[in-house]
Amino acid sequence: MSTLDWIIFIVAAIVFVITGLSILYNMAKGGHHKTNLTDKFVWGINTQIFYALSSFGTGLMVVMSAIILLVGTEFLYSILQAGNSIAFACVLSGVIQMGIDLGKPQRAMKVLFGKKFNSPLTIDFIALTVLMILSIIFIVGMGSASLAALKIWAYLTTLISVLCMSTHTLLIASRFEPGFRSNPFHSAETFVCSIWSGLAIMTLLSLGNPLTEVFVKMLLVFSAASLIKGISSVIALNLGKSEIHTHKKAFILLSAITFIILVIGDLAAIRQGGLVIVACLLTLAAVIVEKGASVIVVQKRPVIPAPYNKFDPKERYVPSKTEIGYLLFSIALIAVIPYGVFLIGFGA
Amino acid sequence: MKFGMLIDLRKCVGCFACTVACKAEHATPTDISYNKVKKYEVGTYPSVKLKHLPMPCMHCDNPSCMEVCPTGATQKQDNGIVTVDANECIGCKACMIACPYESRQFLSEIKPYYEGQERTPFEVYMQKDFQVGTVVKCDGCIDRVREGLEPACVQTCITGARIFGDLDDPNSEISRLIASSGAVPFQRELGTEPSVYYIF
């Protein structure tokens, strides 16, 4: 570990501890509910970030599984371990974000005993728990595992990760308008964005490695897929006379810029460096914006149709300081866990 | 037996007595109203009319809120009324996302009606079963119904716009009126099969 690594770890740990303590203080003082959420905006920025982080985590796990299945242990184990610890941190942090949004987080375990397997939340709860267990197994027990064991891990991880992606579509699907006004591309967007963001993180982690070129090309393909899915959903919304919000336009713009950067890089044979890093960061930003469109913008639309909603108050959602505090907490957690894993030495 | 309600919008005068009766019956905390009445306009200027649409919980036969509830806190009772068990609710708000009638509300805080004043002993007693951090909704005045009474909103309606009764009994007043008036549920195309019918 270099001095810079230590500085990042210590700063992140301090942010994590301070925001964590302030959250605990807030909860003790005023309960769990000091948010700007209303009956119209029932899920806010914490749920948006839950979707984004779980998208990063599940995408990363699918990419890791693909690497294991394609090239086996030839790929550097330390990169896989770094990817896995980041995926674990993303999923854990996302789960905490979701848990914070619950009115009664202390009752969360009731989800397991409700036996409501038709509920997307139940499936999500189980799938994310299994995914974290698989991730912990990789962190502590896959260093000297055989190729067969790694492959079994990859099969299971792919299945569970894709299940998570599906349930994240289902969680919001119940809010979509019926029939012609719905967005038929939402599921595809969720899936593509997940893999796309996973590839972006893996590309960042593997910079300098010979396999980076493969990731960059995959990133190009998935940025094209995201761009086309985004455009398709705009066309679908236009056909249904639904409003196209800024989030959607921003997502398409970011996808287009990423695609163009990667095409230029490919034509100029640039496989490493600043251009690739910019493309990866834009990818992550695009996915966060897409989750904003999926979670927050969807709730802007009136539930009761016209003309009955004519006098409904026009509400806006602006996250409260507490919600932003939760966000800082989760970001710090993502920095703390992977560094912690490397400090302990699992990635060696 | 399946209880249902018929609301004749031709008779509704928008007095909000149902909303007040509901609040009095349940002593719902501030910002919580089980029986909302939506205002809307019909016609074009200068020939415009203000109309009202009372929106209690629709107590659907196929409630989307119950499907998405992960803990089973939302249940459909034998008499067709959809209830929430506050002791089982985790406050995930998935039901609020799923409900197409905005019938559910999140109880984030129980505060007094007037700033600087305490809750009255009546409010403290009546609100003892409310749990902060859970989702609340119209319970169809299930306690009254079990005693053979009508829901508070029905009993209080000054124009008799609301009729309550057994939808399974073809000879009940509500069934006969639905059949004769062509009453329909609100947004029936969603397939949730609401038990509240409207005469528009």
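Descriptive notes on the structure:
- For the range B:174-184, 3J(HN,Hα) computed residue by residue from phi via the Karplus equation (6.51, -1.76, 1.60; θ = phi - 60°) reads 5, 5, 5, 5, 4, 5, 7, 9, x, 5, 9 Hz, glycine and proline entered as x.
- Cα convex hull of the range A:180-301 - mean projected area over all directions, nm²: 6.9
- Backbone geometry of the range B:112-124 corresponds, through the Karplus equation with coefficients 6.51, -1.76 and 1.60 at θ = phi - 60°, to 3J(HN,Hα) couplings of x, 5, 10, 4, x, 10, 7, 5, 6, x, 4, 5, 4 Hz, x marking Gly and Pro.
- Value of relative contact order over chain B, rounded to a whole percent, pairs C-alpha under 8 Å and six or more apart: 33
- The range A:186-228 and the range B:21-73 have their alpha-carbon centroids 45 Å apart.
- Computed Kirkwood radius, in angstrom, where 1/r is averaged over Cα pairs of the range A:23-148: 16.4
- Above-threshold pairs, the threshold being 26 Å between Cα atoms, out of A:LYS300/B:LYS38; A:LYS110/A:LYS300; A:LYS40/A:LYS310; A:LYS314/B:LYS39; A:LYS229/B:LYS93: A:LYS110/A:LYS300; A:LYS229/B:LYS93
- Among the GluC sites (Glu not before Pro) within the range B:110-166, those in coil by DSSP and having at most 13 neighbouring Cβ atoms inside 10 Å are B:GLU115, B:GLU118, B:GLU147.
- Computed Kirkwood radius, in angstrom, where 1/r is averaged over Cα pairs of the range A:224-279: 12.4
- For the protein assembly as shown, the Rg and Dmax computed from alpha carbons only, in angstrom: 26.3, 84
- Hydrophobic long helices, here whole DSSP H runs in chain A with Kyte-Doolittle means of at least 1.6 and Cα atoms spread over 15 Å or more along the helix axis, are found at A:3-30, A:45-71, A:120-141, A:274-292, A:321-344.
- Of the GluC sites (Glu not before Pro) in the range A:266-330, the ones in a loop by DSSP (not H, G, I, E or B) with at most 12 other beta carbons within 10 Å are A:GLU315.
- For chain A, the relative contact order is 32 percent, taking Cα pairs closer than 8 Å that sit 6 or more residues apart in sequence and dividing their mean separation by the residue count.
- Relative to the 2.2 N^0.38 Å rule of thumb, the range B:15-59 has a C-alpha radius of gyration ratio of 1.44.
- Label point at B:ASP31 placed 7 Å out along Cα→Cβ; residues across the range A:33-54 whose backbone nitrogen lies under 20 Å: A:33-48
- Computed over chain B, the Cα gyration tensor eigenvalues convert (square root of 5λ each) into semi-axes of 27, 21, 17 Å, ordered from largest to smallest.
Here, each number is a calculation from the coordinates, and none is a lab measurement. None of these values were measured; they are calculated from a predicted model. Heads up, the Cβs are rebuilt from the backbone with ideal geometry, glycines too, and the neighbour counts pull from every protein chain shown.
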